[in-house]
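Below is one structure, written out as structure tokens; comments come after it.
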Amino acid sequence: MELSEESVSKLKSYHNLSIFLAIGVYILILLGGYTKSIDAGLACLDWPLCDGQIFPVDRVGDIKFWAEYIHRFWAGIMGILIVYLFFKSRQMSSIVPRLQQVSISLIVLVILQSIMGGLTVTQKLHPLVVTGHLGLGVLTFTVVLYNFTIINEFVRRDMK
Ligand code: HEM
């Protein structure tokens, strides 16, 4: 396929972002697992704030606070990057149309997952909510990998 220099650079940048997201969401799942395993799920009793503050300075010595806070913070970064991915996919909708559909489904998943994450706290770690949060997390990672597979295949096959 004949592509302009501008398109090639956009595709490469999308490819790089997709790799970063795949690694980043994997790390997010590990952070969630760590939060759960050290019993830090209720280290912040509210959501989206923590102890009613954006950053509760008096908690800096508490490892449970850090686990929960870093998990939330990293989830926020991943959410912003997924929105960015969507805008990038729109710029390439004429070259690889499927990317736009996949990135829209990622936005939906990340919104649902944030709501579910908030519910794990407000519902005091209700087993069904925690299970739903785990399930949606795995699904989000799967779609992030699917997105990577599509762009990776395109870059390898059609950009030679
Ligand atoms: C895309 C975003 C997110 C992903 C992929 C994700 C993923 C996960 C995963 C895989 C776990 C471990 C679950 C388990 O072992 O059963 C977890 C735990 C947890 N997540 Fe998230 N999470 C996300 C966003 C959030 C947000 C925004 C919050 C906000 C409060 C949150 C709160 C929690 C809490 C409190 C736990 C610990 C649950 C427990 O102790 O049982 N998560 N997360």
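No lab work stands behind these numbers, since they all come straight from the coordinates. What you see is a predicted model; the values in this text were computed from it and never measured. Note: ideal-geometry Cβ built from the backbone for every residue, glycine included; neighbour counts use all protein chains shown.
One-quarter of the Cα convex hull surface for the stretch 5-158, in nm²?
Seen from a random direction, the Cα hull of the stretch 5-158 projects 9.4 nm² on average.
Let me check I've understood the local charge: for residue 102, count other residues with C-beta under 14 angstrom from its C-beta, Lys and Arg +1, Asp and Glu -1. What total comes out?
+2
Treating the angle as unsigned and between 0 and 90°, give the value, to the nearest 10°, between the Cα long axis of helix 5-37 and the longest Cα principal axis of the chain.
Result, in degrees: 20.
Which angle between 0 and 90 degrees, to the nearest 10, do you get for helix 98-122 versus the longest principal axis of the chain when only C-alpha atoms count?
So the inclination is approximately 0 degrees.
Taking the Cα centre of the chain as the origin, how large is its charge dipole in debye, to the nearest 20, when only Lys and Arg (+1) and Asp and Glu (-1) carry charge on their Cβ atoms?
In debye, rounded to 20, the chain gives about 360.
Nearest 500 deg cm²/dmol is fine: what mean residue ellipticity at 222 nm does the chain get from its DSSP H runs of n ≥ 4 alone, each adding -39,500 (n - 2.57), divided by its residue count?
-27000 deg cm²/dmol, from helical runs alone.
What does the charge add up to near residue 146, with Lys and Arg as +1, Asp and Glu as -1, over the other residues with Cβ less than 15 Å from its Cβ?
0
Can you give the local net charge around residue 54? Use residues other than it whose beta-carbon is closer than 15 angstrom to its beta-carbon, Lys and Arg +1, Asp and Glu -1.
Here the count lands on -2.
Do you know the Lys pair count in the chain for C-alpha distances under 27 Å, with sequence separation 8 or more or different chains?
Close lysine pairs found across the chain: 8.
What do you get for trypsin sites (Lys or Arg not before Pro) in the stretch 57-148 restricted to DSSP loop and a cutoff of at most 13 other Cβ within 10 Å of the site's Cβ?
124
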